[in-house]
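Inspection log for the structure reproduced underneath, given as structure tokens.
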Amino acid sequence: MRIPRTRHRRAWRRGSGAALGLLVAAGLLVVPGAAAGPGDSARGGDTVAGANGDSVLRPDAPTKSIAFYVGKNLTEDGATLLGGFGHEPSSHWLEIVPSREFPDDATTTVGVTDRAGYPGELTEIPQARRTAKYISSNYSEFEGFPAPLTNGGLNEHGVAARDVWSPTSDRLLGKTDAVQTGPNYSDLSRIAMERATSAREAVEIVGGLIDRYGYSTYGGNSHLFADENEGWVLVNYGGSQGLWAAERLGPDETRVSFPGYLEPLPLDYQDRPDEFLASDHFIDYAVEQGWFDPAGRDTFDPQAVYGGWRPNEREVSPTHPWGANVQGELEAELADGLAPVSLEDMLAYVRDPRWSHDRSGYGQVARLSGRDNGNLNALWTAVTGAVTTPYVPVYIGAEDVPPEFKQHRYLTSGTASTHVAADYAPLEATEYATRTFKRLMYHTCEHPEAFYEPVTAEIEKFERGLVSEQDRVVAKAARHYDAGREDAAAQYLTRYVGDRLGESLGLGDRLVGAVEHETRERFGIRMPTGRDLPGETARPESQSMNRGGGLDGDADGIAFCYREGLGDFPREHGAYADRVGELQLPVSQLSKERFFRAMEQAAPGDGNGWRRQAERAWAQLQDTGD
């Protein structure tokens, strides 16, 4: 959506409820009653059909991920913003993938197995001689798609990527090979992170791979790539015909992929490569199939011809309880209601409970400003659903993350079938951050009217502290790099990222303790009602905890905090600041190492003078038992 820049943020918000009501009354926006609250059960088969008869939220089809792009002319500081997350039920973990050098004959494995919904076989394609360093939120589950899986992230060249579902029409999917070959969506996301130096180059790389090796689909997919200057949306269609197309997003645009979509392409798109890129036969194939007649037309609408659905026709399902396919509404929120959009605005927007819930695997926000040193680029990351998880800036220049943020067995595909390997036992023994923040989500979303705002207030207080210190962090690391002390810079950024991730987990532990204690005192812990299984004696607590299998109504839904009347969305980051302190948080346990690091960071340029003061202060704390 191309929107003139505006600064009338608060006025739009005050009128947004009335404006929404007018749209509904005029029939321009449909808000199904199933979105009203947790007591309303929307079934997969009850979604609203598109104008051409196809539904975006098809029963049993993957409906994964969301992405938000804001061009640099619509942001507060002139940096491009790209945020979002993936919708996956499996475990998630944070990884800083190092740059690698490979021999000329190195290959990488791509594709899907015979267990995929559209079966295929794994193949090898050439690997690049050098791959870039990048940050990713990995996950383990998508049937037939080999782990670890990724939706993108941020690489050392300042290229950010998001991966979002984009359904392909049934008539095109019907042409899918019986055994697919070629890279899958995750392979393409990973390779783009490994090789791309710009958003446009990411499109060229992905499109070139599809042209040469094909594409293994799960039903249709899209990518949203961004750098400091622009964004590109690419849709890769299922059906084994090598069809893909991409359009450029400029500095005055916002774009929401939920799911991903394309605007109509001009018939002469090949003469306008600065705006559009596509497979050579992208339109010719539709003409050959009798699906499109170019006579008397200037444009080709890939949504109508290859997608079989239209954006902006709201649909509600058990896994999207507030709704999806509302791209234009959300693009207007970003362009009209929030612009000029700040980093903090985007953090709050990705966290919005309308879409951040138990299906949200993580949260990411990339601020792309073209730093001279790529090591100073950071990806603000929440290790699981950001609705109840703090973001922490993870710098490209950092070398690793704490073990608590790495892979563990909780929710990891296939781990229940065997014991943990001894090689991984020490890692598994550590607290798993994803599990901690999932606990916080489940407690908070069980009683959001009591806990959503005070929990969010504490999290965003922590984040505001992080935002306020970033200029100093970057300046200190830059001094190391400028002086040729690359090892010192890497050590500093690794320690900084590790400390702040550790502090976020400490906050999570305290919030879980407080919310669980208050839940027990005020409400009690609700037990499942389970299924009626004639002849079986096991209590409901011992039945399968998975959705389906006889559960229905609310019991078969997902955990989510959004309720009608919960709050006014979108909202500003820190909007609940007056609720800080309402929860009785346990006192955090501060180690001497963390205390000394905090003292050092608080006294820059003081040589070792701070150390003597820190020693005395620590001794006093120990003497008083604090």
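The values are calculated or read from the model by the stated rules, or taken from the named source; none is laboratory data. Since the model is a prediction, treat every value here as computed from it, not as a measurement. All Cβ positions, glycine included, derive from the backbone under ideal geometry; neighbour counts span all protein chains shown. In case anyone asks, the SASA skips ligands and DNA or RNA and just uses the protein heavy atoms, side chains included. Shrake-Rupley method; radii C 1.70, N 1.55, O 1.52, S 1.80 Å.
Note on D114 and N312: their simple-model spin labels are 4.7 nm apart, each label 7 Å out from Cα toward Cβ.
Sorted by average packing, counted as other Cβ atoms within 10 angstrom per residue and highest first, what order do 405-414, 117-126, 215-224 take? Write out the running numbers ahead of the final one.
Working: 405-414: 18.8, 117-126: 16.4, 215-224: 26.7.
Top of the packing list down: 215-224, 405-414, 117-126.
The residue among P528, A617, M441 whose Cα reaches farthest toward the positive pole of the charge dipole of the chain, with charges on the beta-carbon of Lys, Arg, Asp and Glu, is A617.
If you plug the beta carbon distance of Q470 and R616 into 1/(1 + (r/R0)^6) with R0 = 22 Å, you get a FRET efficiency near 0.15.
Across segment 279-292, rounded Karplus estimates of 3J(HN,Hα) from the backbone phi angles (6.51 cos²θ - 1.76 cosθ + 1.60, θ = phi - 60°) give 4, 4, 9, 4, 8, 4, 4, 5, 5, 4, 7, x, 8, 8 Hz, Gly and Pro being marked x.
Projected onto its three principal axes, the C-alpha set of segment 465-524 covers 58, 20, 7 Å, listed from the longest axis down.
When restricted to Cα atoms, segment 414-472 yields an Rg and a Dmax of 17.3, 48 Å, respectively. Rounded to the nearest 0.05, the FRET efficiency derived from the C-beta distance between A602 and D252 at R0 = 41 Å is 0.50. Karplus-based coupling profile of segment 372-387, in residue order and whole Hz: 4, 10, x, 5, 8, 6, 10, 10, 6, 10, 9, 5, 9, x, 5, 4, with θ = phi - 60° in 6.51 cos²θ - 1.76 cosθ + 1.60 and x standing for Gly or Pro.
Go ahead and estimate [θ] at 222 nm for the chain from helices alone: -39,500 (n - 2.57) per DSSP H run with n ≥ 4, summed, over the residue count, rounded to 500.
-9500 deg cm²/dmol
Here the Karplus relation 6.51 cos²θ - 1.76 cosθ + 1.60, evaluated at θ = phi - 60°, turns the backbone of segment 574-581 into coupling constants of x, 4, 9, 4, 6, 9, 4, x Hz, with x for every Gly and Pro.
Quick one: putting +1 on the C-beta of Lys and Arg, -1 on the C-beta of Asp and Glu, what dipole do you get for the chain around its Cα centre, in Debye to the nearest 20? The partial results should precede the final answer.
On the way: 63 positive and 93 negative charges, 262 e Å.
It comes to approximately 1260 debye.
Residues whose amide H lies under 5 Å from that of N236, counting only those 5 or more places away or on a different chain, are N221, S222, H223; hydrogens are built 1.01 Å from N in the peptide plane. Dividing the radius of gyration of the alpha carbons in segment 102-172 by their Kirkwood radius gives 1.02 for Rg/Rh.
Rolling a 1.4 Å probe over the protein heavy atoms leaves V497 with an accessible area of roughly 0 Å².
Given the C-alpha atoms of the chain, compute the convex hull and give its volume per residue in Å³.
On the way: hull volume 116.2 nm³, N = 626.
Once divided by residue count, the hull of the chain is 186 Å³.
Can you tell me the 0 to 90 degree angle between the C-alpha axis of helix 609-624 and the longest principal axis of the chain, rounded to 10? Tilt relative to the chain: about 70 degrees. Axis of helix 185-195 versus longest Cα principal axis of the chain: the two differ by about 70°, to the nearest ten degrees.
Expressed in nm², what is the orientationally averaged projection area of the convex hull enclosing the Cα positions of segment 59-213?
Values: hull surface 41.8 nm².
Over every viewing direction, the Cα hull of segment 59-213 projects on average to 10.5 nm².
For T75, nonlocal amide neighbours, meaning residues 5 or more places apart or on other chains whose placed amide H falls under 5 Å from its own, are V341.
Taking the 0 to 90 degree range and rounding to the nearest ten, how far is the long axis of helix 433-446 tilted relative to the main principal axis of the chain, both from C-alpha atoms? So the inclination is approximately 80 degrees. Once the Cβ-Cβ distance of H419 and T107 is raised to the sixth power relative to R0 = 25 Å, the FRET efficiency obtained is 0.15.
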